[in-house]
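First the structure, in the form of structure tokens, and then the observations on it.
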Amino acid sequence: MNRGRFALATATLAGLALVAACGTSKTGTTSAIAGDNQAKAKEIIAPYEGKPGAFPITEKLSSPVPPGTRVAYVDNGNALVSLIFKLMQPAAAELGIELYAVRAGTSASGVQSAFGTVVQRRPAAVINTAIDPALWENQRKQLADAKIPVISLGTVASADSGLVQPNGGAAFERQGRLQAAWLVANNGKSFEAVLYEHNELAYAAAVKKGFESGLKELCPDCVARVVQIPITEVGNKAPERIVSDLQAHPNTRAVVFQSSAAATGLPAKLKVAGLKDVQIVGANPLPTNLQYLKDKQSTVELGADLKTLAWTAMDTAARLIVGQKLQPNVVSGEALVHQFLRPEDITFDPTRGFSAYPDVSDRFKALWQR
């Protein structure tokens, strides 16, 4: 794994260029999507339409966490990483855990320094969100030697890493596959789609794999391009880059996002450029993206329930601390709740974000017997 890449970083990647992948464009040609394939695509997305996927945790916590338990959270300052920390705090309080943040910088040395501090403080467990484990490999080994469990969200480290990844590679491959299936299910003819991804995010390769393989299986005549959007351009230059790409590839009919944060400001730019009838299939929407959807400025969002994920991470830490066996879906990296959201599904306040299970705290309190 390239040590120059780490999740949700803000390091400058000026050398990244727009890179297209997965075949050559079938300019101006379309064909009907096979009925069997379209039926299969509809079957794949059905469990996530109009309702969320299954609640991830069903087994009770076997025993209380010991008093005075401290858990470290490594926060690199990215908005999403910081948000997850805030969402975890009520869960930690309910468990009687002192959850504290260790601030990491935006550089590899800053990340290593932060994890070095974690090792020195010897907490009962550590939680990392999307910071590439390759950047803190030495500290990972030190934590493993000290038998301090590490819960890592949004990473795709190998099984022998010793990291527990509730939303690991399997969840992100599912994201890409679901996005591909949604497009096939909702289009009668073959199409060209572009996936905008961020190589800096540890799970980029998993989303790409799921999307490309899913589209190839369900629509062999469809074309998939993959284009890199530097994470440093999210929230500023990304819309201009996307518009330029679409203008250079006029046959593109569908835009797919690894993370919808890159679409911030995009609807206005598309309107000015006169780009109409482009399907926008997002994922992991922020409140701004949910507002776009409500206003019918995007097509569909694959929502990920971050609050439930945050509580799941704290639940996982508690079980590891008391020595309880984890559920198989947590071990396999599939404990992430997804739901497809259409404009008519935004009946809630978009500024509060998407929550598939508004009663998540009550559900976990029952499992924790609090």
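Every read-out reported here was derived from the displayed coordinates using simple, explicitly stated rules and does not represent laboratory data. These figures come from a predicted structure and were not determined experimentally. Here the Cβ positions follow ideal geometry from the backbone for every residue, glycine too, while neighbour counts run over all protein chains shown.
Observations on the structure shown:
- Extending 7 Å from Cα along the Cβ direction at residue 70 and again at residue 137 yields two label points whose distance is 3.0 nm.
- Hits among lysines - C-alpha to C-alpha of residue 147 under 21 Å, sequence gap 8 or more where chains match: 325
- Sum of -39500 (n - 2.57) over DSSP H runs of 4+, divided by residues of the chain (222 nm, nearest 500): -11500 deg cm²/dmol
- Rel. contact order, % - alpha carbon contacts under 8 angstrom, at least six apart, the chain: 23 percent
- Highest mean first, the peptides 169-178, 87-96, 239-248 sorted by other C-beta atoms within 10 Å per residue fall in the order 169-178, 87-96, 239-248.
- For region 244-370, the residue among 329, 298, 311 whose Cα projects farthest onto the positive side of the dipole built from Cβ charges is 311.
- Cα-Cα pairs of region 39-131 separated by more than 22 Å (percent): 47 percent
- In degrees, nearest ten, helix 204-218 long axis to first principal axis of the chain (Cα): 40 degrees
- A simple spin-label model places pseudo-atoms 7 Å from Cα toward Cβ; at residue 240 and residue 216 they are separated by 3.6 nm.
- Lysine pair count for region 259-320 [Cα-Cα under 21 Å; pairs on different chains or 8 or more apart]: 7
- Length gained on full extension, residue 122 to residue 288: 55.9 nm, using 0.36 nm per residue less the C-alpha separation.
- Under the Debye formula (equal points on every Cα, no solvent term), log10 I(q)/I(0) of the chain at q = 0.15 Å⁻¹: -1.32
- The packing ranking, built from the mean of other Cβ atoms within 10 Å per residue, places the peptides 270-281, 153-164, 324-335 in the order 153-164, 324-335, 270-281, highest first.
- Proximal lysines relative to residue 208, as straight alpha-carbon distance under 23 Å, when same-chain residues fewer than 8 apart are discounted: 26, 40, 42, 189, 216, 237
- Region 282-370, relative contact order [Cα under 8 Å, separation at least 6], %: 42 percent
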